[in-house]
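What follows is a single structure, written as structure tokens, with notes after it.
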Amino acid sequence: MKTALLAILLFCIMIFPHELGHFIAAKKMGVKVNEFAFGMGPTIWKKQGRETLYSIRLFPIGGFCAMEGEDGSEDEADGRPVAVDPRAFSQKKPWQRIVVLAAGSVMNILCAILVMSLVLGISGFTTNRIGEIAAGGPAEAAGLMAGDEIIAVDGTETESWNDVIAAMPDTDESVNLLIERDGENKEIQVSPQIQEVDGEKRYVIGITSKISHSPVKAVIGGCESTWNIVKLMFESLGMLFSGQASPKELTGPVGMVKMVGETQTLGFWYYGFLTALICVNLAIINMLPLPALDGGRIIFVLFTMITGKKVSERVEGTIHFVGLALLMCLMVYVTFNDITRIFF
């Protein structure tokens, strides 16, 4: 049950903000939005706004933003143009349509940053300030106190806890620590003792780092983590298109549910990272220049901007339809692979 709820939450974080991005951008660009829905399937609640119908669907997985003129303006009966609302998506300037199309992926990236910032903010960051002193350990014997900030180890400056760890010698020889306490600097010598830590014998002095929950650091760390995920995604796509990775390694909804089940046993941090990873995945995949995807639709808009010639809406619609059919086939293939990996 917990896995199912976390999986639903994951899909909501993936898809709903994506559609919300389209909705917000469409409103800002003056595009008429006929309906904005949370979830999919039969409607269980709806409210008509001034011009937009807001609805909640039975299955809380994603949502959609139905814009006026999104699918063209030709009369399907005889191909003659019909009256078009000047606020229709198809009637907006090319740059405005690009903004609306790209807004979904931008929102996914922002969601990834938000998720990683929350995870890092809740988990906290290590600092070069001492949090706890082990009773009876070398640090206590030397006079170190909780709250002391380690400025240098044997003359090597330390700006982070990683710097402190790296500067500590792996011997029992005494080490000289320069600390700041109550605004004053002080030198203290400590002799490490060998202890078993995580199954390994190490020389330690018996201190732990004070954990910081700085919102500023959390946001900076969230941005850095998301950027690293983006780079990882492009590397993975490069390996896929170059043949270094097999299409069989692709994962669909079934595989995602399995991963959610695995991460919930590992903790909040892993689930958050998985959520951010999939948000970035959706953002990048949607911007690929392929039919039926936002990136493919942007290509048609750019073609019109560069050549001054507009592709027939029926031709574009047919191309997107074929692209959607191929994507559905890919989804079936990926789902089959997911099921095979899980049950066979």
Please give the net charge around residue 39, taking every other residue with its beta carbon less than 13 angstrom from that of residue 39, where Lys and Arg add +1 and Asp and Glu add -1. 0
When you count, for each residue, the other Cβ atoms within 10 Å and take the mean per peptide, how do 173-183, 137-147 rank with the highest first? 137-147, 173-183
Which entries in the list 32/310; 46/92; 186/217; 231/309 go over 24 Å, if you measure between the two C-alpha atoms of each? 46/92; 186/217; 231/309
Just need the relative contact order of segment 40-194 here, percent rounded to a whole number, with Cα pairs under 8 Å and 6+ apart. 12
Cα gyration tensor, segment 177-247 - rounded (a/c under 1.5), prolate or oblate: oblate
Within segment 273-330, DSSP-loop trypsin sites (Lys or Arg not before Pro) with at most 11 other C-beta atoms within 10 Å are 309
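Every read-out reported here was derived from the displayed coordinates using simple, explicitly stated rules and does not represent laboratory data. Source: prediction; values computed, not measured. Every residue, glycine as well, gets a Cβ built from its backbone with ideal geometry; the counts of neighbours run over all protein chains shown.
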